[in-house]
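Below: the structure, in structure tokens.
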Ligand code: C2E
Ligand code: CA
Ligand code: CA
């Protein structure tokens, strides 16, 4: 249904409702006519709601559609009963038999609504069972309350049979269950998708209220009053409009669970217990006894289910720390742990340990020419193929980028065999994005045998050296030999080697000299990537990223020169430059009326530098900026040599008002420990987690867990590397507030930030062009 047709339908339905309601309220044409009008209106309203539910069936897919099919069936049950009611009163000259088929039709709605609620695809870590138990808990408690306060008395005066009693009780119980489920669904729905369930809940509440009123009057033999009929009409109308507002749910409807969901179902319980206990003391009451027993069992079961959910959440978060989310293989942390363990074992038993390090040849080419999503898909296939070429007991890990490692606790001959199998496995091309792509591996092998002492780091380094040697020689796989170390002293960093055309030792020294000069003479540049609010799509800050416009090799990125700077003690000077330049730019923006917080990246050596807080604060003072404008991002792969010192550095920064963020959160074990060790304000979720969330439920539930975790700790959560709208929308539904990524904006110059964020024109370039519908 188009938006226009929907709006027209709603307007028409509102008008018709208005006419019917006025007619009933004002009693035009006398009681007989009003009764007839009431009947026609009831049939019309329930038929409207039923047709809207059918429209919702067409608009949805999967489990959501099944839910709407259930609701449609329930609504048609209501229509049928309305028709039967009219038939009996007008043609059969007698009220319909009660309990009877008419009750069956009306009661079909709450039953099917409860079933529909269970079909809502919450998925992930939240169990449908808990929703059932929540509903049961509230319904039982409310029944106990209703029984003690008015139902018992009501049935006492009317002398009804057991079946009649059961049917009469079924109405309020069914209604309460329906309302409870609807409320639980509203609470669990992402903010952008709440309209439809909220309207359904409102409609159901009205039906419940007026059903109860009717049960009350009917017991005394009265026909439904006009007010009750208007209440029903309005309830059905709202349900119909709710159905028209339906929006297709994302594949996984995971989001942060609001705290209220945990305690709200318990609200009526104390009242039920109090009233029930009073009733029991006064004498025997079978319904209350049954309700009490049900209540106890449901509450216990709910507690158990909650515990289980928490356990699963913790397990998922712990697992996340050790898995590479893209390929589902082990990550570097788990690999290092297993390797260390294997080496330790070797110390006792002498068992051989082998490490293979592999790197894809020309992967960057794939990424650059076919795009990152294709690159990611290729990496997943590569992971699968590696796994299929090795034995089940061996550990395969993705270390980052296109680098994989395999731990083989076996003899050198076996390790070599595995390397050969791997080379063979990559002879077949891969199919990604409908094309066939040839991928070659360079593999380095190193083994620890006999009783020579080798540390885990050393063994890994040897395999790494062998891999570079294989790569340079285009040799497929190579085993480590000591002469490779010789080459290594002249070896340069791989990415930089690409840029500098595989330069040897002399060129490397020149490159380092260039870098030194560039830092000293402030030839480096900063670009800024906006961090946006997922709610407003406005920039709420920027992250400074370093670039080096190299006279010979063009614009170099951090990956091209940062390790070189790190290895040669240039980081401190580099950080000083970044700090000063970033604050200078921020001060410039401020002058132009743009109050833009800025974040800089810090690496470990700076964290161990006790002078850092002083440097930062004097830089802030120099540019006349408040500390709150600055965030420092600490990367987790950085090993901090002294946790205590780093903590005191961060503490000092924070207490002066500077914000601290953990960068690349989730990409390794360290980040999890950082949370315990360091005082932080912000978590930046690594982009390797963010990329797959749209199609990968596992990645999605990990991200959701981290967002929950961050909210739990009161930390700001920022998703990195958001590349498309679907990801942005999903993140927002998870309760993640901020994001960065190419979808919103790439890193741009300081000048561009000043322009695009100037008060007159406060939106971002690409997000502006493709402004999501929810903005
Ligand atoms: P980071 O701090 O995680 O920065 C984010 C990186 O992801 C940036 O790469 C950014 O351009 C890139 N990026 C942002 N959005 C997207 C996206 O949607 N898709 C993809 N595929 N990539 C995206 P860049 O500039 O190459 O920086 C790489 C890393 O270098 C940074 O990672 C940071 O760890 C380090 N770095 C950058 N500047 C500095 C600096 O001034 N000082 C220090 N110590 N490290 C820096
Ligand atoms: Ca960063
Ligand atoms: Ca990052």
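A few remarks follow.
- Helices (runs of 4 or more DSSP H) enclosed by the range 313-402 - at least 1 residues per element that are within 26 Å of residue 437 (Cβ to Cβ) and touching a strand residue (DSSP E or B) at 6+ places or on another chain (Cβ under 6 Å): 332-349, 372-389
- Filtered residues of the range 23-49 (kept if assigned to a helix (DSSP H, G or I) and surrounded by fewer than 12 Cβ atoms within 10 Å (Cβ to Cβ)): 26, 30, 31, 32
- Residues that are within 22 Å of residue 652 (Cα to Cα) and within 16 Å of ligand 2 (Cβ to nearest atom) within the range 677-709 comprise 678, 680, 681, 682, 683, 684, listed in sequence order.
- Residues (crowded, with 22+ Cβ neighbours inside 10 Å and within 13 Å of ligand 1 (Cβ to nearest atom)) located in the range 530-547: 530, 531, 532, 542, 543, 544, 546
- Residues of the range 738-753 satisfying the condition of being more than 16 Å from ligand 2 (Cβ to nearest atom) and buried (at least 19 other Cβ atoms within 10 Å of the Cβ): 743, 750, 753
- Here residue 634 meets the list (1) buried (at least 18 other Cβ atoms within 10 Å of the Cβ); (2) more than 16 Å from ligand 3 (Cβ to nearest atom) almost entirely, failing just condition (2).
- Qualifying residue in the range 532-555 (condition: within 16 Å of ligand 2 (Cβ to nearest atom) and closer than 23 Å to residue 509 by Cα): yes
- Residue satisfying all of: in the range 557-584; under 34 Å from the mean Cα position of the chain (by Cα) and within 18 Å of residue 529 (Cα to Cα); modelled with the lowest pLDDT among these: 559
- Residue match in the range 132-141 (condition: part of a helix (DSSP H, G or I), farther than 30 Å from residue 697 by Cβ and in contact (Cβ under 8 Å) with a residue 60 or more places away in the chain): yes
- The set of residues from the range 679-696 being in a helix (DSSP H, G or I), near ligand 1 (Cβ under 9 Å from one of its atoms) and crowded, with 22+ Cβ neighbours inside 10 Å comprises 690, 691.
- Tabulated pairs, the range 739-755, first more than 11 Å from residue 529 (Cβ to Cβ), second surrounded by fewer than 16 Cβ atoms within 10 Å (Cβ to Cβ), C-beta under 6 angstrom, 6+ apart or interchain: 743/724; 754/592
- On inspection, residue 710 fails the criterion of being at pLDDT below 85, out of contact with any strand residue (DSSP E or B) (no Cβ under 7 Å at 6 or more places or on another chain) and more than 16 Å from ligand 1 (Cβ to nearest atom).
- Residue match in the range 232-239 (condition: modelled with pLDDT of 90 or more and over 37 Å from the mean Cα position of the chain (by Cα)): yes
- Criterion (modelled with pLDDT under 85, more than 23 Å from residue 402 (Cβ to Cβ) and within 16 Å of ligand 1 (Cβ to nearest atom)) met by exactly one of 660, 632, 640: 640
- Residue in the range 560-569 that is nearest to residue 755 (Cα to Cα), counting only those that are crowded, with 20+ Cβ neighbours inside 10 Å and free of Cβ contacts under 8 Å to residues at least 60 places away in the same chain: 562
The values are calculated or read from the model by the stated rules, or taken from the named source; none is laboratory data. Since we're looking at a predicted model, the values are computed, not measured. Cβ: placed from backbone, ideal geometry, glycine included. Neighbour counts: every protein chain shown.
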